[in-house]
Amino acid sequence: MKLEHIAIYTTDLENLRAFYLHWFGGQCGARYNNSVTGFTSYFLRFDSGARLELMSRPDLVSHKNWGLAAGIAHIAFCVDNREDVDSFAEKLKAEAWPIVRGPRITGDGYYELEMDDPDGNRIEIIFSPFN
């Protein structure tokens, strides 16, 4: 069994779509609109085959900066080596995008950096020495 996709609700669908396409590439499908509920979404497909569904609806409230809470903790994008993590960090710095933590070696042996998307969802850029 493989994970097919993860979905994120957002109050700013176009901004979050632009963020994930800018930083992580991939291909974006057509925008889906439900005229009855106001629900809209995009599916983004990445080179690994994983997909991310970005969704919005008019009655959402933002959870940004709520702090530690139960639920999905982060999304991890894996790169080929430590140098790719460092290179990603340099790109973030060049565009003045905040790095939350890292690059660093975690207690369980990954080399990673952490950042947040525009909605405050945590993202890890990791190199796994275990693959």
At a probe radius of 1.4 Å, what is the per-residue accessible area of PHE19, in Å² to the nearest 10? 10 Å²
Output the 0 to 90 degree angle, nearest 10, between the alpha-carbon long axis of helix 13-24 and the longest principal axis computed from the alpha carbons of the chain. 20 degrees
Counting heavy atoms of the protein chains only and a 1.4 Å probe, report the per residue accessible area for the chain as a whole number of Å². 63 Å²
Quick one: compute the contact order of the chain, relative version, from alpha carbon pairs under 8 angstrom and 6+ residues apart, as a percent. 22 percent
Note: LYS91 to PHE39 extended length (0.36 nm per residue) minus current alpha-carbon separation gives 15.4 nm
Using 0.36 nm per residue of separation minus the Cα-Cα distance, give me the extension gain between ARG57 and ILE6 in nm, one decimal. 16.6 nm
Extended-chain gain in nm, criterion 0.36 nm per residue less alpha-carbon gap, ASN15 and SER128: 37.7 nm
Degrees, to the nearest 10: 82-94 long Cα axis against longest axis of the chain: 60 degrees
Counting only DSSP beta bridges with both partners in the range 42-131, the antiparallel fraction in percent, to the nearest 5, comes to 75 percent
Using a Gaussian network for the chain with springs between C-alpha atoms less than 10 Å apart, which of these wobbles most: ASN121, ASN34, ASN81? ASN34
Are there any GluC sites (Glu not before Pro) in the range 4-63 that are in a DSSP loop and have at most 14 other Cβ atoms within 10 Å? List them by number. GLU4
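The values are calculated or read from the model by the stated rules, or taken from the named source; none is laboratory data. A quick note: this is a predicted structure, and the numbers were derived from the prediction, not measured. Cβ atoms come from the backbone with ideal geometry, glycine included; neighbour counts cover every protein chain shown. The accessibility values were calculated without ligands, DNA or RNA, using every heavy atom of the protein model including side chains. Shrake-Rupley method; radii C 1.70, N 1.55, O 1.52, S 1.80 Å.
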